[in-house]
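Reviewing the structure listed below.
Each reported figure results from applying straightforward, stated rules to the coordinates on display, with no laboratory input. Note that the coordinates shown come from a computational prediction; the quantities given were computed from them, not determined experimentally. Methodologically, a virtual Cβ is constructed for each residue, glycine included, from the backbone with ideal geometry; neighbour enumeration extends over all protein chains shown.
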Amino acid sequence: MSTLTRKYCLEIPAGSLDNNTADIDRLNHALTGETGMRQIEWPLDLIIEAAGVIREASGRVTVTGGVIRGALKIVAIEPGDTSGVNFGVAIDIGTTVIAVELIDLITGERLGTHGEVNGQAAYGDDLLTRLHFAGEGGTGTLTAAMRRTINTLIERACSSAAIRPDQVTAVAAAGNTSMTHFFLGLNPAVMRFEPYIPSINHVPCIAAKEVGLPVAPNATVYLFPSVGGYFGGDLISGAVASGIADNEGVSLLLDIGTNVEAILGNKEWLLAIAGSAGPALEGGVAECARRAEPGAIERVTIDPATFEPSFSAIEGRPPSGFCGSGLIDLVAQLFLSGLLDSTGRFVLDKKTGRWREINGRMSYVLVDGVEGQSPTYINEKDIQNLLRTKAAMIAATTILLNSVGLDFNDIERVYTAGSFGIHISVDSATAIGLYPKLPKERFVILGNGSLCGARMVLLDAGNIDKADHIAETITYLELNVHPEFMDIFRSASYI
């Protein structure tokens with residue numbers, strides 16, 4: 001197992017009349033002896049720097065490099081022995097929230113995870129709005145906004161761990177296809193239209209300075225490959241994290257967010273499907289929805305006798321609004337208590353003081369507004385939005401299963417990924433049909449699969465080959481244009 005970048009402390013013999021081999025050639029000879037690698041690639045600025053460093057340090061230097069697809073790519077050269085200090089950064093480039101995790105590449109220790117709303121949100125909460133803006137010349141603006149968020153998080157992570165950003169020599173990042181394009185400065189606007197073709201799927205490793213990251217200038221930046229317009233590197237990263245491609249039995253990987261994404265298969269075959277779901281779980285669709293942040297209601301129960309709710313908010317803060325897990329809990333509890341029918345309509349015959357008309361719509365009030373604060377409530381429009389996302393997920397998984405002649409009972413493991421997969425109650429998700437109705441023990445909460453897969457690449461570069469293999473061999477279906485989609489979608493738009 002080899003980390004994405006490694007440090008090699010070397011003793012380089014001084015040049016002489018008897019040994020007139022060039023500085024870089026002597027250095028490469030020592031590196032080959034240490035690593036066994038003969039193909040060694042240096043960026044020009046480090047070639048220029050190397051001779052001075054060798055002489056300054058009297059031949060004792062530390063070279064940082066990473067073996068990527070058969071070549072040792074040099075990242076840095078430093079005087080003396082700095083081989084005990086090396087760091088990497090894993091990045092989940094989310095449409096809504098970007099997460100960064102700092103990793104000690106020597107010990108494998110996770111030194112801190114930091115997250116922040118993607119700066120692109122100032123130009124549109126949803127992806128389609130941003131793609132439209134990009135199509136009107138806004139690509140540079142959106143790229144700059146994203147990179148500012150990433151750079152702020154990297155600097156924050158390094159400051160919290162008391163290290164210098166230039167001590168970070170490796171970056172592994174995963175995002176959906178559009179976010180990957182924006183990160184590179186590419187315009188993804190064309191992916192709004194059939195046949196949804198991206199500019200690039202397999203991105204070669206690049207240097208951090210090429211994308212403006214505040215780490216070592218030549219730090220290796222690895223981006224997970226995409227497969228299609230709606231099937232990005234974040235799902236490939238989740239597949240690596242889950243181990244779905246190593247399993248004997250059939251498994252299902254679910255990731256619900258801006259897109260509905262799913263992978264079905266095992267070590268012999270993999271089938272994937274993806275398509276737009278709308279941000280029903282990302283805040284902004286339900287009138288009282290918000291991101292998973294302090295004060296957002298994340299757990300809800302309703303007494304079936306009194307119809308009174310109980311709830312908990314993140315970090316125990318005063319409650320205001322609900323995040324994705326709270327929304328799913330609330331809808332499940334409304335249904336299980338008889339306050340909601342299978343079509344997503346309120347059963348107003350059930351008498352409770354929680355029924356209120358707000359903004360012209362009948363609503364169930366979860367939290368009364370106090371001291372000038374607005375109440376937290378849910379209405380039928382909010383519920384229909386959630387049921388549409390649920391129907392898209394059911395359509396996706398049903399199409400996958402139908403394509404290989406299987407049914408839900410053939411699934412041995414269900415991996416739930418994404419920021420929602422971390423917090424969603426399996427009981428609530430199965431109650432409303434968002435997750436398949438399978439025994440609870442078959443579900444594995446993967447958490448942020450995108451970030452987890454990026455971390456795994458940092459700690460074992462061999463996972464790059466796994467990611468490449470998955471991307472190259474997986475069969476991909478486009479959900480929104482599949483002939484079965486609308487029929488299944490309509491029939492699944494109920495609880």
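Some notes on this structure:
- Stretchable slack from Phe408 to Asp81, in nm (0.36 nm times residue separation minus alpha-carbon distance): 112.1 nm
- Measuring r between the beta carbons of Asn359 and Ile163 and using R0 = 35 Å, the FRET efficiency lands at 0.10.
- If you wrap the range 1-65 in the convex hull of its Cα atoms and look at it from every side, the mean projected area works out to 4.7 nm².
- Charged-residue dipole, Cβ positions (Lys, Arg, Asp, Glu), the chain about Cα centre, Debye nearest 20: 580
- Shape call, the range 138-250: gyration tensor on alpha carbons, a/c limit 1.5: oblate
- Violating pairs (Cα-Cα greater than 18 angstrom) within the set Lys381/Lys437; Lys267/Lys466; Lys73/Lys466: Lys381/Lys437; Lys73/Lys466
- Using the Cβ-Cβ distance between Glu472 and Lys351 with R0 = 51 Å, the FRET efficiency computed as 1/(1 + (r/R0)^6) comes to roughly 0.30.
- Among the trypsin sites (Lys or Arg not before Pro) in the range 430-495, those located in a DSSP loop and surrounded by at most 15 other Cβ atoms within 10 Å of their own Cβ are Lys437.
- Listed residues Leu102, Tyr123, Gly88: farthest to the positive end of the dipole of the range 31-176 (Cβ charges): Gly88
- Here the average projected area of the convex hull drawn through the C-alpha atoms of the chain stands at 25.7 nm².
- Only helical runs count toward this figure. For the chain, summing -39,500 (n - 2.57) over DSSP H runs of n ≥ 4 and dividing by all residues gives -9500 deg cm²/dmol at 222 nm.
- Stokes-Einstein translational diffusion, the range 116-180 - Kirkwood Rh over all Cα pairs, 0.890 mPa s, 25 °C, in µm²/s: 186
- Cα-Cα pairs of the range 57-133 separated by more than 16 Å (percent): 68
- On full extension, the segment bounded by Asp427 and Arg490 gains 20.3 nm, given 0.36 nm per residue less the C-alpha separation.
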